[in-house]
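Heads up: the structure comes next, in structure tokens.
Any read-out appearing in this document is the output of simple, stated calculations on the displayed coordinates, not a laboratory observation. None of these values were measured; they are calculated from a predicted model. As a convention, Cβ positions derive from the backbone with ideal geometry for all residues, glycine included, and neighbour counts pool all protein chains shown.
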Amino acid sequence: MTYNDKGMTLIEILAAITLLSVVLISFASFFIQGSRVTSFNGVKSTALQLAQDQISKITYAQSAPGCPAQSISSPTSTPIGHQCIVNHTEQVIGNHTYQLYTYLLEPSNNAHLPIFVVRSYYNHTNYVELYNYYTAKQN
């Protein structure tokens, strides 16, 4: 039997295409998963920035907000020791809607300053949460 070096056989070409397809499909799944994780982290980061902005507004206000006359319902269970929901705002950024809830907690025995919790919901059940003690503004 003699070896012919004139070209590749059909079976060799099909094997090369199959191997190349398997490698490309496995790499494509990594890129798709990486894109999803990056997108989710961007949404969560935006929710955190909105919560930090809300905490800053409360911290630098002239006086601490109190409980409103009408009660506001929370989409999930409220933080332990909450007194009321001070406010609820909704912000649309890009194609995503964020729900911001500010909770006033019951003061602890030795704390005289009110404690606020801001939850920024980035979907119906998931949120980021920040705590802050209100500090009176010094003149």
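Based on other C-beta atoms within 10 Å, arrange His96, His124, His82 from fewest to most. Before the final figure, lay out the partial values.
Working: His96 14, His124 9, His82 17.
Sorted ascending by nearby Cβ count, the order is His124, His96, His82.
Before rounding to the nearest 500, sum -39500 (n - 2.57) across all DSSP H runs of length at least 4 in the chain and divide by the residue total; then give [θ] at 222 nm in deg cm²/dmol. Before the final figure, lay out each step's value.
Numbers: 1 runs with 50 residues, N = 139.
My calculation for the chain gives -13500 deg cm²/dmol from helical runs alone.
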In the chain, what is the volume of the convex hull around the alpha carbon atoms, normalised per residue and reported in Å³? 223
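For each of Lys6, Lys57, count neighbouring Cβ atoms within 10 Å of the residue's Cβ, then give the residues from fewest to most. Mind dumping the intermediate values first?
Working: Lys6 4, Lys57 12.
Fewest to most other Cβ atoms nearby, the residues stand as Lys6, Lys57.
Using the Cα centre of the chain as the reference point, and only Cβ charges (+1 on K/R, -1 on D/E), how large is the resulting charge dipole? Debye, rounded to the nearest 20.
Working: 6 positive and 6 negative charges, 41 e Å.
Charge dipole, the chain, about its Cα centre: 200 debye, nearest 20.
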List, in order, the whole-Hz ³J(HN,Hα) value for each residue of region 19-28 obtained from phi through the Karplus relation with A = 6.51, B = -1.76, C = 1.60 and θ = phi - 60°; use x for Gly and Pro. 4, 5, 5, 4, 5, 5, 5, 5, 5, 5
Can you give the longest run of the chain that contains no chymotrypsin sites (Phe, Trp or Tyr not before Pro) sitting in a DSSP loop with at most 10 other Cβ atoms inside 10 Å? 61-139
